[in-house]
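Visitor: Dumping the structure here so I can ask a few things about it.
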Amino acid sequence: MPMELPQWMLLGLAALGIGITKSGFSGMSMVHVLIFAHIFGARESTGIVLPLLIAGDIFAMFTYGKHANWSYIRKMLPPALAGIVVGAWVMTWLSPDIYEPLIGVIIILLVILQAIRTWKGDWFDRVPHSMGFAWSMGGLAGTTTMLANAAGPVFGLYLLAIGLPKLEFVGTAAWFFLLINVIKLPFSWGLGLIRLETLTMNVLLLPLVAVGLWIGRLLLKRISQRIFDSLILLITAVAAIRLLLL
């Protein structure tokens, strides 16, 4: 797949964004979603970027995995698997022109919900820790990750809602996304979205994912919990609006 220098520069920026995302800044996931979709098309890009996401997950797992809270992973994984199956089915018939704005709308609604909870916490005292909330968010995460690799903001909002500290947040997300992204591989392969030439490009971009993770680690150490939470909400909202306008 011949590409011009500006396209390679954009892909390099996207690979850096993947690494930063895997450091805990889940809203940053929209950077690589938008860049890969712009260059390769929304549907094709989901498979092309998947091996890079898995590599980032592995880096993050070795760095932060020991801090993971497995109780929340166990709650979210079954509905996420169901969501992946639903997303793969939807991809066979739904136009990308429809599902990208749809995902943007869903994420914006989640940001609004989390913002209300932040300002009016007593309204949602029992919601975040309920099994129904976990299953709803898990199913949504599975569906959005299959449709557009856009589950980072969804899972990030769930972890914010339950109030995990930064390191537990990153460690839990690292393991969760490693598991579901590996599970997505056969679906993407079966849909023809992963091929030998795309894997070759992944190898070239892999070092920048590692660099992005290192940058993210530096940022994580220097940002307070409150600023960290606010940044995730802000980045998620901006990214969702951008998806909606595609």
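Every number in this text was worked out from the coordinates using simple rules, so none of it is lab data. These figures come from a predicted structure and were not determined experimentally. Cβ sites come from the backbone with ideal geometry, for glycine too, and all protein chains shown count toward neighbours.
Visitor: Looking at the square roots a ≥ b ≥ c of the eigenvalues of the Cα gyration tensor of segment 1-69, which shape do they give, rounded for a/c under 1.5, prolate if a/b is larger than b/c, or oblate?
Guide: Prolate is the answer for segment 1-69, as a/c is 1.5 or above and a/b outweighs b/c.
Visitor: I've got another one for you. Please give the Cα centre distance for segment 147-221 versus segment 5-83, rounded to the nearest Å.
Guide: 3
Visitor: Please list, or write none, the lysines whose alpha carbon is within less than 27 Å of the alpha carbon of Lys66, excluding same-chain residues fewer than 8 places away.
Guide: Filter leaves Lys22, Lys75, Lys166, Lys184, Lys221.
Visitor: Right, something else. Ranking request for peptides 73-83, 143-153, 200-210: highest mean number of other beta-carbon atoms within 10 Å first, then the rest in descending order.
Guide: Result, highest mean first: 143-153, 73-83, 200-210.
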